[in-house]
1. With angles folded into 0 to 90 degrees, how steeply does helix 197-206 sit against the dominant principal axis of the chain? Use alpha carbons for both and round to 10.
2. In region 1-86, which GluC sites (Glu not before Pro) fall in coil by DSSP and have 15 or fewer other Cβ atoms within 10 Å?
3. Spin-label point model (7 Å from Cα, Cβ direction): what's the Thr137 to Lys299 distance in nm?
4. In the chain, which Cys residues have no partner Cys with a Cβ closer than 4.7 Å?
5. Please state the shape class of region 211-326: rounded when a/c is under 1.5, otherwise prolate if a/b exceeds b/c and oblate if not, all from the C-alpha gyration tensor.
6. Considering only DSSP states other than H, G, I, E and B, which trypsin sites (Lys or Arg not before Pro) in region 74-123 qualify as loop sites with at most 16 other Cβ atoms within 10 Å?
7. Determine Rg/Rh for the chain; Rg is computed over alpha-carbon atoms and Rh is the Kirkwood hydrodynamic estimate from the same atoms.
8. Count neighbours as other Cβ atoms within 10 Å of each site's Cβ, and list the GluC sites (Glu not before Pro) in region 255-326 that are DSSP loop with at most 13 such neighbours.
Amino acid sequence: MADFGALIKSAPQRLNIIDSMLKARLVLSRHRRCAASVSGGSDSDIMLDLLELVRPESCEVRYVFFDTGLEYNSTKHHIGDLEAKYGVTIHRRRARKTVIAACHEHGVPFINKDVSEYLSLLQRHDFDWSDRPEDATPEKYGRCKSGLDWYFDRRPLSKAGKHEYSIVKHKLLKEFIERHPPDFAISDRCCKYAKKNPAKEFYKESKADLSATGMRRAEGGRRAGIKTCFSLSKDDSPDSYRPIWQWTDEDKAAYKQWRGVRYSDCYEVWGLKRTGCAGCPCNSRAERDLTLVESFEPKIVRAARNIFHASYEYRRRYIAFKTQKP
Ligand code: SF4
């Protein structure tokens with residue numbers, strides 16, 4: 001690696017980029033083995049480039065790609081291109097239970113992972129969607145407190161005064177569900193089986209003392225609960241590190257240009273804004289994306305539509321409901 005000081009000077013003079021380069025060097029130098037997840041998405045491309053740019057010799061970085069069974073071929077080719085470009089090995093791990101199998105067994109995601117988790121919990125307790133708070137007793141539903149608190153907006157507001165873990169975060173969702181209860185199984189478990197469990201296995205097998213992902217706060221969702229780029233582990237799992245946690249879209253664009261990073265065809269050719277599992281219903285653009293990609297990857301598009309169609313349809317009805325209400 002070039003002289004680190006010179007490297008910093010040559011980087012785009014943006015606080016987040018400089019700060020992340022210095023921090024990444026420091027964090028990696030304090031760990032021996034880092035397991036870094038590479039998804040083939042733009043954030044993980046930037047993370048990989050950054051890690052390869054600043055990592056000290058003393059820290060081994062093992063890269064891994066989790067194939068959920070619903071990956072675009074273009075993403076898989078891109079993983080090979082990254083290996084060639086950086087001279088690294090990206091280990092492939094295919095989920096023992098793919099997204100399709102998990103969705104068949106447990107249900108499909110709807111809106112986002114939090115909504116899916118709470119609705120799934122309520123469904124598993126045979127929740128009556130028109131119940132009033134006083135009807136939903138522990139005697140009636142047993143161990144379902146977090147789902148009931150979410151549905152009845154009983155959790156305290158966040159420090160910023162927001163309803164972080166409440167159905168009211170989604171405009172008129174409760175009113176919609178009361179009138180049109182879901183008639184299909186909803187669940188976020190595909191992520192557990194296709195991503196989280198294989199990741200845990202990989203960390204263990206790699207004897208990693210640090211895990212890294214390209215997560216960014218700006219992407220929102222469940223990340224809202226995470227405060228910083230680094231979390232010290234409290235058990236035998238590795239410390240968690242998010243090297244580009246603070247980055248804005250502008251930081252990414254400046255870094256991409258500086259380093260000549262090329263994203264996968266999903267972005268560069270088809271114009272998608274994000275990748276990951278084809279057609280994941282947690283992506284509000286999922287149906288539009290599938291239409292864009294259809295002629296390039298017809299098989300995966302067909303598979304995504306087959307598995308997620310009920311969730312797409314329900315979301316369309318929810319959007320129409322919201323739009324009709326004053
Ligand atoms: S990204 Fe979406 S489809 Fe893929 S595993 Fe996670 S929730 Fe399921």
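The values are calculated or read from the model by the stated rules, or taken from the named source; none is laboratory data. Owing to the predicted nature of the structure, the values given are computational and were not obtained by experimental measurement. Cβ coordinates were reconstructed from backbone atoms using ideal geometry, including for glycine residues, and neighbour counts include every protein chain displayed. With ligands, DNA and RNA removed, areas are computed over all heavy atoms of the protein, side chains included. Shrake-Rupley method; radii C 1.70, N 1.55, O 1.52, S 1.80 Å.
1. 30 degrees
2. Here the sparse-neighbourhood loop sites are Glu57.
3. Between Thr137 and Lys299, the simple spin-label model gives 5.6 nm.
4. Cys34, Cys59, Cys103, Cys144, Cys190, Cys191, Cys229, Cys266, Cys282, each lacking another Cys Cβ under 4.7 Å.
5. Verdict is prolate for region 211-326.
6. Arg96
7. 0.99
8. Glu294
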